[in-house]
């Protein structure tokens, strides 16, 4: 097994079509706008655009999604730099130094650093995807149902442990998500479960409408509920200021100084991205914090450090390749966007995992190449439009809400021309809103719905093969290691809180 | 009587969700815990039983935690929040009316019904978000045209519900 040069050549030759390049740039353009608008996230953009791309050729569709995703993460830094509001959660640390630089009259340089180091982070992580995906996929050839069950369990446990502060709430939602995934036909025996005579439920709850609801309508509802007009007025005033931006490109000397740290941040971000549930925000915070620790000028961090901004920019785009590696080789999403991409691949009749490197190897090479092209596209577009990007910020939030609401309805219907999907989206939107207000982490719920089927079918299949012996999960080495990791993941918050208590007592 | 905290209510709702699935599983004879086809191998009810019981237990734990010490308020209802809540409820109500109107009128008027509903709903939303009539009308026209051109003309999707 392995992707040969002939497969790469065939994949790349199909990419060099005008339609692919057009959709890629369209995706980058839409992604830049989504990322630059506070309140619109990459996840929301991908969730809304995914049903639309189903009407395209798979390569065109993925070109648009890859362009959108990569550009939205980089463009989140634009608002962080110009109005001190991260456009996406991943750009949180870019506001620490980027806005300070803008106020010092170095806004252009900050925007340039954002584009260049986001590109470097994205390229290094994509390189890791290209180099490491095949060996990891080869390793999974030895996996059988026991390993896949444990793998899904590990993904879920990580999501519960990492995605939010409240482990109990995360656990409840993770379990509820898996429970909802049992709706439909039993994967082993074909028995109808909880369908209530509704044919729409035979195939289970559609995943994409749930994502559109949670990250589209749900997010709009939350923003309406938490609207702060005084802050909005402040932001409008900040946008009017229009300080001088200055030069965009850093000097050769600056680049030479920044490169080593940017590369290290990219590598670390790639590793963090590969861990299920650990997204760009976690990566950026870890890299920025460690960058400060090991910097020659830690005192500048948070006050306009070009180095800090470069590290943050590399760290948030650096996670994408890592997340894609986990998603494509193991079928476990690294973050919410890769969860939607799994749904996308499934709709195209592909299953993430080993089959992506055998039956669908050509498409896999195209996805990897599209990641590279998306990075190049946003580098070109980002540098050319750095000085006018501030204009995108002048769109009022209610304008966005009105558009997103209708696009969520249209997108969820367009998936299967089915009104039932719209109802699912609407229900998921209300749930998403309530989860956000009452601080229930949505990640475990989504992963529960997505991985529930994998979890159940593989566990039961493993037990069928072992004649009902649960020892199969312990006697197989990889399964046993994953089981230990699952246990440790759940024990970690308990140990952490016990240690915290001890420290307080002391 | 002491008011229940948000966590306690959420815990009770989770328990109700788990109990519902447990009852639905228990009352369906096909969903057995152990499969009838081969010994010791889980049946169709294996996962639903375990998960619904786990959700009930965890929901119970959240309820107890909420009742014991967690009296935390997640939402501070300031006058602005109250106003926002009104806008939110009107948005949701508008969405329900929009979806209902689309579903009811589509069998008679097909895709045209959807386009009219989109147009009216966009005006409603923009007015709700305190935009001017002029803005609301222009926005609704442009957005409806966009939906028509992209989805009807571009992708040949008809919104016949």
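The values are calculated or read from the model by the stated rules, or taken from the named source; none is laboratory data. Model, not experiment: these values are computed from the prediction. Neighbour counts run over all protein chains shown; Cβ positions are idealised from the backbone, glycine included.
See the values below:
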| read-out | value |
| --- | --- |
| Long-range neighbours under 6 Å by Cβ, at least six apart or interchain, first residue within 16 Å of residue A:417 (Cα to Cα) within region A:191-205, second part of a loop (DSSP other than H, G, I, E, B) | A:201/A:183; A:201/A:195; A:205/A:183 |
| Residue count for region B:1-35, restricted to those that are at the interface with chain A (Cβ under 9 Å from one of its Cβ atoms) and at pLDDT below 85 | 2 |
| In region A:380-389, the residues that are assigned to a helix (DSSP H, G or I) and crowded, with 21+ Cβ neighbours inside 10 Å | A:381, A:382, A:389 |
| Subset of region B:70-108 (residues that are part of a helix (DSSP H, G or I), touching a helix residue (DSSP H, G or I) at 6+ places or on another chain (Cβ under 8 Å) and under 21 Å from residue A:228 (Cβ atoms)) | B:80, B:81, B:84, B:85, B:87, B:88, B:90, B:91, B:92 |
| Unique match (being part of a helix (DSSP H, G or I) and more than 8 Å from chain A (Cβ to nearest Cβ)) among B:119, B:151 | B:119 |
| Selection status of residue A:24, in a helix (DSSP H, G or I) and surrounded by fewer than 24 Cβ atoms within 10 Å (Cβ to Cβ) | no |
| Which listed residue, of A:264, A:248, is modelled with pLDDT under 90 and touching a helix residue (DSSP H, G or I) at 6+ places or on another chain (Cβ under 9 Å) | A:248 |
| The lone exception for residue B:112 - which of (1) without any contact (Cβ under 8 Å) to a residue 40 or more places away in the chain; (2) under 18 Å from residue A:414 (Cα atoms); (3) within 8 Å of chain A (Cβ to nearest Cβ) it fails | (3) |
| Verdict on residue A:435 being surrounded by fewer than 23 Cβ atoms within 10 Å (Cβ to Cβ), within 21 Å of the chain's Cα centre (by Cα) and in a helix (DSSP H, G or I) | yes |
| Positions within region A:27-66 being farther than 15 Å from residue A:344 by Cα and either part of a helix (DSSP H, G or I) or out of contact with any helix residue (DSSP H, G or I) (no Cβ under 8 Å at 6 or more places or on another chain) (or both), in sequence order | A:27, A:28, A:29, A:30, A:31, A:32, A:33, A:34, A:35, A:36, A:42 |
| Residues within region B:70-99 that are within 11 Å of another protein chain (Cβ to nearest Cβ) and either closer than 30 Å to residue B:153 by Cα or touching a strand residue (DSSP E or B) at 6+ places or on another chain (Cβ under 8 Å) (or both), tallied | 7 |
| Single match in B:159, B:135 (criterion: surrounded by 15 or more Cβ atoms within 10 Å (Cβ to Cβ), outside the structural domain of residue B:89 (by TED's automatic domain parsing) and at negative phi) | B:159 |
| Helices (runs of 4 or more DSSP H) wholly inside region A:162-233 containing at least 2 residues that are buried (at least 23 other Cβ atoms within 10 Å of the Cβ), within 13 Å of another protein chain (Cβ to nearest Cβ) and on the phi < 0 side of the Ramachandran plot | A:167-181, A:218-225 |
| Every residue from region A:1-21 that is within 14 Å of residue A:356 (Cα to Cα) and not in a helix (DSSP H, G or I) | A:1, A:2, A:3, A:4 |
| Search result, residues across region B:39-69 that are under 23 Å from residue A:171 (Cβ atoms), facing chain A (nearest Cβ under 10 Å) and assigned to a loop (DSSP other than H, G, I, E, B) | B:45 |
| Residue A:467 vs. criteria in a loop (DSSP other than H, G, I, E, B) and within 14 Å of chain B (Cβ to nearest Cβ) | yes |
